[in-house]
Each structure stands twice: as structure tokens, then as C-alpha cells.
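In what follows, a single structure is set out as C-alpha cells and then discussed.
All of the numbers you see were taken from the coordinates with simple rules; none came from a lab. Not measured: the values here are computed from a predicted model. As a convention, Cβ positions derive from the backbone with ideal geometry for all residues, glycine included, and neighbour counts pool all protein chains shown.
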Amino acid sequence: MADASAIYALISGLGGAAIGAGSTVYVSTRQFRREISERDKERGRLQAQEEIVRLTSMRFAGRAWLDVVLRAKQNLEAGVAVDLDKFDQEVKEAGGTAAQEGYRARSPDPSVDQLAAEIFDDINHLSWQLRREIVSRATGAERRTPDHLDDVLQRVIERRAALNAKIIERIEELARDASASSHPASPEA
């Protein structure tokens, strides 16, 4: 009987050790998976924030460039002389930022990047046309701003409205996803 109780104690001890080892492995694995999940969520939040910053920057850069073009066009139509060096500098600054932000295709929705590129191409075209008009007037040749610029400008304004709607929709989607991932519905125990 003494041998039987020793065997039971040995089996109980080995069983307890096996359960303890198993639970240690299980808890460690579960903790490791939770850490990986948290890192993935954090990486997703950071990527969402980066995309929001890029989309916002693209939106403002396009607006700044369009403002430069609109001011120059309005001044020309009003007969006000436009300083060519100042115009060139403003176009270089606004257009450079827009080009940097708009021609980087990284959005999950390629239509956003494509539309931005088309808008920036049109604004670039407008900038060159207005520059020609500024140079022409500076040399004394009075010309009227070409009518087709009004068509291009109207197309840019319409496309910018469509782009802004897509950008705002994407930013709201990113913010909603980031909010949902930072506040899980049922916390893991």
C-alpha cells in the first residue's frame, strides 16, 4: 500500500508539473499573440495617421497652387500688372509642394491619386499659360487672357470638388477604422 501511495503521489506530481508546464506555454503563447496583435494595430493606426496627413497635405497644396493661379488670372483680367518673379516663386513653392504630395501614388483608392495628378497637370498648364500672358503684357503686347483657360479652370474647380469629397470620405473612413481598432468591442481576458 505504501508503494501505491508513492505511485499516486508521483503521478499527481507529474500531472501537476505537466499542467503547470502546459499552462505556462499556453499563457506565454497567448501573451505573445496579444503583443503581436497590439503591434499590428499600432502599425495600422500609424499608417492611417500618415495617410490622413498625406491626404490633407495634398488637399491644401492643391488649393494653394490654385489660389496663386486664380490671383494672377484675376489681376490680369483687371488690368493689374503681375510681378513675374513673384508669380514664378509662388508657383514654384505651391506647385512643388503639390507635385510632391500629389504624384506619390500610395492611396488604397488609386482614383484619388489619379484625380490629383490630373488636377495638378491642369493647374500646371494654367500656370504656364498665365506666365506667357504675364510676359506678353510686360513686353507691352496687350492680350486678353485666352478663353480656353476659363474652361480649364472650371474643370479644375469641378475636379477639385470631386477630389475633396473623396479625400474627406477616405479620412472619415480612416478615422472610423482607427477609432474602432483602438476601442475593441470585447476586451480579451
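How high is the relative contact order of the chain, given as a whole-number percent (alpha carbon pairs under 8 Å, six or more residues apart)?
Reported as a whole number, the value is 24 percent.
Among all the lysines, which ones have a C-alpha under 18 Å from Lys86's C-alpha, if same-chain residues fewer than 8 places away are not counted?
Filter leaves Lys73.
Cα gyration tensor of region 1-80, axes a ≥ b ≥ c as square roots of the eigenvalues: rounded (a/c below 1.5), prolate (a/b > b/c) or oblate?
prolate
Relative to the longest principal axis of the chain, what angle (0 to 90°, nearest 10) does the C-alpha long axis of helix 110-138 take?
That helix lies at roughly 20 degrees to the long axis.
Rg over Rh of the chain, using C-alpha atoms and the Kirkwood radius, what does it come to?
Value, to two decimals: 1.47.
With a 10 Å radius around each residue's Cβ, average the other Cβ atoms per peptide and rank 157-170, 111-124, highest first.
Ranking, from highest mean packing down: 111-124, 157-170.
Please compute the net charge surrounding Lys92, taking Lys and Arg as +1 and Asp and Glu as -1 over other residues with Cβ under 13 Å from its Cβ.
-2
Under a Cβ-only charge scheme (Lys and Arg +1, Asp and Glu -1), can you give me the dipole magnitude of the chain about the Cα centre, in debye to the nearest 20?
Using only the charged Cβ atoms, the result is roughly 140 debye.
Hey, what angle do you get for helix 84-102 against the long axis of the chain, alpha-carbon based, 0 to 90 degrees rounded to 10?
Helix 84-102 sits at roughly 30 degrees to that axis.
Beta carbons within 10 angstrom, averaged per residue: use that to sort the peptides 86-92, 39-45, highest first.
Packing proxy ranking, top to bottom: 86-92, 39-45.
Taking a cut-off of 13 Å between Cα atoms, list the aspartates and glutamates near Lys41, but don't count ones fewer than 8 places away on the same chain.
Asp177
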